[in-house]
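Structure record follows, encoded as structure tokens.
Every number in this text was worked out from the coordinates using simple rules, so none of it is lab data. This one's a predicted model, so the numbers in the text were calculated from it and none came from an experiment. Here the Cβ positions follow ideal geometry from the backbone for every residue, glycine too, while neighbour counts run over all protein chains shown.
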Amino acid sequence: MKRVVVGLSGGVDSSVAAYLLQQQGYEVIGLFMKNWHDDSVTISNECPWLEDSNDALLVAEKLGIPFQTVDLSEQYKEKIVDYMFAEYEKGRTPNPDVLCNREIKFDVFMKIALSLGADYVATGHYCRKGETEVDGKTVYQLLSGSDNNKDQSYFLCQLSQQQLEKSLFPIGELTKPEVRAIAAEMELVTADKKDSQGLCFIGKVRLPEFLQQKLQPKDGLIFEINSTQEIYHSEKPTYDSVEEALAFEASAIGYKPEMGKQVGKHQGAHYFTVGQRKGLNVGGTPEALFVIATDVETNTIYTGQGSSHPGLFKKALFVEKSEVHWIRTDMTLKSGETMKVMARIRYRQELQKATLHQFENGMYVAFENPQSAITEGQFVAWYLNDELVGSGVIS
């Protein structure tokens, strides 16, 4: 009888994951991760950890499985929160959920589970695990969840073969309504519980207030760049190499205040991200303003009107060599090699046709169609059919 430690979060997905494993004959242990102490920045009553840990305990009691809480708040602060502050300070937008899976759930948490004699760690993610053989060795695959509407493979895009080997995703073949139906049938307390939003295990956080703990507000100006600005309509240069052409496509436009007009003020460029519409507090424009660029050096925000503003779109992005990550290490590209894939630059985005171009200093991802709000610090993940084979941090 193999032993599985389930990360019980107090939500319906992990509750049903634990029940299904029990049905499959595993010895199941429930573990709740406490990752946060500071209630001053969470929005009151939205997913406080106390309520979640109580729900997790009730589920464990109902299923008759051992349960304990582990406090990982120190590691969480060091590996996730401090990293987030550092990234925002540089004017990048990190993805804490992807990091939380790589650094906490499938690393710190997994090590605790294995020290308890577990053979596997299981979570309530909507994704599936596959196996294939390459050169006589077992290779593990991360496959998208059967429920297209809930597929969460993107959040696990930074996992390694070692982490996948020890992971189980019991609800990956199910849809959300099926999961809720099982929970209702089993009379689990989490059956009708709303899905938690917000930072992985912290709950709903007021991001500006959260960031203001570390990053001081400072007044700056907001400029609007007209879509008729000549920078969008100048001739494309010709290049001698594919790499140079891709570098041009992936490069950020260097905006200057004189290219546009001042339309407002803000409290800190590091609180804003490309593609953001809310929180600018600038009215009186025919179409909504979107952030098209931020400059944390000069503390300036550049905006454009409407979701089809040319400043939002790019056809390529770059991932530095050290940030290119292959789940399927057997597929790693060598310098000069290319691969046709389907890719996404954010959770829930429809998969997009793209080509990977590996060079000495890193990888370019070139999209068939221009993509809106490619954001530094976020992750791009690439797929072959329904298998997520690799990912990287957008630089």
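When you count, for each residue, the other Cβ atoms within 10 Å and take the mean per peptide, how do 23-30, 114-121 rank with the highest first?
So the order, starting with the most tightly packed, is 23-30, 114-121.
Filter the GluC sites (Glu not before Pro) in region 69-173 down to the DSSP loop ones having no more than 16 other Cβ atoms within 10 Å, then list what survives.
GLU173
Among 232-245, 274-287, 215-228, how do they line up from the highest to the lowest mean number of other beta-carbon atoms within 10 Å?
Descending mean neighbour count gives 215-228, 274-287, 232-245.
Using a ≥ b ≥ c from the Cα gyration tensor of region 3-212 (square roots of the eigenvalues), is it rounded, prolate or oblate, where a/c under 1.5 gives rounded and otherwise the larger of a/b and b/c decides, a/b for prolate?
oblate
How high is the relative contact order of the chain? Use alpha-carbon pairs under 8 Å, at least six apart in sequence, and give a whole percent.
17 percent
Could you pull out the pairs from LYS218/LYS261; LYS214/LYS315; LYS256/LYS353; LYS129/LYS340; LYS77/LYS261 whose alpha carbons sit more than 30 Å apart here?
As for pairs spanning more than 30 Å Cα to Cα, those are LYS214/LYS315; LYS256/LYS353; LYS77/LYS261.
Any idea what the relative contact order of region 313-393 is, in percent, if you count C-alpha pairs under 8 Å spaced at least 6 apart?
Across region 313-393, relative contact order equals 40 percent.
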